[in-house]
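Encoded as structure tokens, the structure appears first; notes follow it.
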Amino acid sequence: MILAKDKKKDKENSVPEAEKAVENAEEAKAEEAVDEKDALIEELNKKLLEANDKLLRTVAEYDNFRKRSVKEKEAIYSDSKTDIIGKILPVIDNFERAASADSDPENYKKGIDMTVKQLLEVFSSLGVEAFGEKGEEFDPNIHNGVMHIDDENLGENVISEVYIKGYKMGDRVIRHATVIVAN
């Protein structure tokens with residue numbers, strides 16, 4: 001009987017030990033799962049911080065680019081104005097010389113014509129073209145017709161007289177020509 005009792009005690013002792021072993025294994029698995037989740041969360045947080053840092057750097061780079069572009073545009077505008085004024089200054093010098101000179105009307109007119117020619121050369125170097133000549137076809141997009149006359153010697157919609165020449169740079173009209181249109 002003693003043997004049966006010992007066996008029974010051994011059985012009772014081994015059941016709790018088995019249950020403890022299962023519990024320990026389950027706890028180890030749970031701890032391992034928690035550790036894996038913590039590692040995954042830590043890795044994802046690290047990736048999020050890297051992406052956030054990259055985004056902030058990109059936004060800062062774009063802001064710097066935008067500010068630099070504005071400054072460059074302002075500098076280009078200022079430089080182009082300075083360049084144009086530099087090209088016109090010799091023409092002004094010639095007008096001042098003509099105004100201060102005492103000469104006969106014929107030489108005075110010759111000097112004015114030469115100065116106007118110089119100014120037109122400056123315009124040409126800048127890509128500015130004059131338009132609106134007598135005999136050209138009237139185009140309401142670039143001409144401003146102020147009068148209409150009937151003239152049998154001229155065709156229909158032809159410029160018969162130019163009050164003010166027009167100027168354009170490329171396709172952009174700077175000033176419309178003021179003209180009289182025939183027929």
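Annotations
- Hey, ALA98 surrounded by 11 or more Cβ atoms within 10 Å (Cβ to Cβ) and in contact with a helix residue (DSSP H, G or I) (Cβ under 6 Å, 6 or more places away or on another chain) or not: yes
- Filtered residues of region 135-180 (kept if touching a residue at least 24 places away in the same chain (Cβ under 8 Å) and touching a Ser or Thr at 6+ places or on another chain (Cβ under 7 Å)): ASN144, VAL146, ILE149, ASP151, LEU154, ILE164, ILE180
- Residue match in region 114-126 (condition: in contact with a Lys or Arg (Cβ under 7 Å, 6 or more places away or on another chain), under 30 Å from ALA182 (Cα atoms) and among the aliphatic types (A, V, I, L, M)): no
- Residue in region 43-55 that is surrounded by 10 or more Cβ atoms within 10 Å (Cβ to Cβ), of a type in the set (S, T, N, Q) and more than 30 Å from LEU126 (Cα to Cα) present: yes
- Of all residues in region 158-182, those satisfying the criterion of being surrounded by 15 or more Cβ atoms within 10 Å (Cβ to Cβ) and not small (Gly, Ala, Ser) are VAL158, ILE159, VAL162, TYR167, LYS168, VAL173, ARG175, HIS176, THR178, VAL179, ILE180, VAL181.
- Hits in region 133-166 - residues which are in contact with a His (Cβ under 7 Å, 6 or more places away or on another chain) and closer than 28 Å to GLY86 by Cβ: GLY166
We did not get these values from a lab; they are worked out from the coordinates using the rules stated. Just so it is clear, the structure is predicted and the values come from calculations on it, not from any experiment. Don't worry about glycine lacking a Cβ; one is built from the backbone with ideal geometry, like all the others, and counts go over all protein chains shown.
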